[in-house]
1. Taking the residues in region 102-111 that are within 28 Å of ARG33 (Cβ to Cβ), over 10 Å from the mean Cα position of the chain (by Cα) and touching a residue at least 12 places away in the same chain (Cβ under 8 Å) as candidates, determine which candidate is surrounded by the fewest Cβ atoms within 10 Å (Cβ to Cβ).
2. Taking GLY76 as the residue in question, decide whether it is closer than 20 Å to LYS39 by Cα, under 9 Å from the mean Cα position of the chain (by Cα) and in contact (Cβ under 8 Å) with a residue 24 or more places away in the chain.
3. If you go through region 73-89 one residue at a time, do you hit one that is touching a Leu at 6+ places or on another chain (Cβ under 9 Å) and among the charged types (D, E, K, R)?
4. Considering only region 44-73, state which residues are closer than 20 Å to MET115 by Cβ and surrounded by 11 or more Cβ atoms within 10 Å (Cβ to Cβ).
5. So which residues in region 32-43 are surrounded by 10 or more Cβ atoms within 10 Å (Cβ to Cβ) and either among the hydroxyl-bearing types (Ser, Thr, Tyr) or part of a loop (DSSP other than H, G, I, E, B) (or both)?
6. So GLU46 ticks every box in (1) without any contact (Cβ under 8 Å) to a residue 12 or more places away in the chain; (2) in contact with a Leu (Cβ under 7 Å, 6 or more places away or on another chain) but one. Which box is left unticked?
7. Across region 79-101, what is the number of residues that are small (Gly, Ala, Ser), part of a loop (DSSP other than H, G, I, E, B) and either over 11 Å from the mean Cα position of the chain (by Cα) or crowded, with 17+ Cβ neighbours inside 10 Å (or both)?
8. For region 4-16, state whether one or more residues are assigned to a loop (DSSP other than H, G, I, E, B) and either over 15 Å from SER95 (Cα atoms) or modelled with pLDDT of 80 or more (or both).
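The values are calculated or read from the model by the stated rules, or taken from the named source; none is laboratory data. Because the structure is predicted, anything quoted here is derived from the model rather than measured. Glycine also receives a Cβ, built like all others from the backbone with ideal geometry; neighbour counts cover every protein chain displayed.
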Amino acid sequence: MVKGAASDDTGAAEALAAMQLCFNVDSIVTARRLVKVRKHYYIPPEYELHVPLLGQRPYDAFPSGFGLSTDALEAGLRLPLHPVIEACLEGWRMSPSYMAPNSWRYLVAFCGNVMGRA
């Protein structure tokens, strides 16, 4: 049996539904926690940190910015973003919030190797 576009769309819809179920809880992020995150990961003051709105999920789009989990920061990502990382995200047409922590580790390690050779 050959799968067509309709079955691919169904599979994608099912995958999205499964992903959304994993995040179908309200996370509790407080302003106090954001202060600790800013201090611990040395996030410059020009980056605004926001507590998610009620019902907002990690995969939701942000109209004037992007979502970023502490997992990415724990993986070594720092702000401001390295120009190579910015170029990769732009080329891939993706928001930083869509990258998995292991992907950040590879990208950060790559940038570290590039910077070490400069």
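1. ASN102
2. On the way: closer than 20 Å to LYS39 by Cα: yes; under 9 Å from the mean Cα position of the chain (by Cα): no; in contact (Cβ under 8 Å) with a residue 24 or more places away in the chain: yes.
Against the criterion (closer than 20 Å to LYS39 by Cα, under 9 Å from the mean Cα position of the chain (by Cα) and in contact (Cβ under 8 Å) with a residue 24 or more places away in the chain), GLY76 does not qualify.
3. no
4. First, the residues of region 44-73 that are closer than 20 Å to MET115 by Cβ: 44, 72-73.
Selection gives ALA72, LEU73.
5. Applying the first criterion (surrounded by 10 or more Cβ atoms within 10 Å (Cβ to Cβ)) to region 32-43 yields 33-38, 40-41, 43.
Within region 32-43, TYR41, ILE43 qualify.
6. Every condition holds for GLU46 apart from (2).
7. Of the residues in region 79-101, the ones small (Gly, Ala, Ser) are 87, 91, 95, 97, 100.
From the residues that got through so far, the ones that are part of a loop (DSSP other than H, G, I, E, B) too are 95, 100.
Restricting the remaining residues to those that are either over 11 Å from the mean Cα position of the chain (by Cα) or crowded, with 17+ Cβ neighbours inside 10 Å (or both) gives none.
Selection size over region 79-101: 0.
8. Filtering region 4-16 for residues assigned to a loop (DSSP other than H, G, I, E, B) gives 4.
Retained after the next criterion (residues that are either over 15 Å from SER95 (Cα atoms) or modelled with pLDDT of 80 or more (or both)): 4.
Yes - at least one qualifying residue is present in region 4-16.
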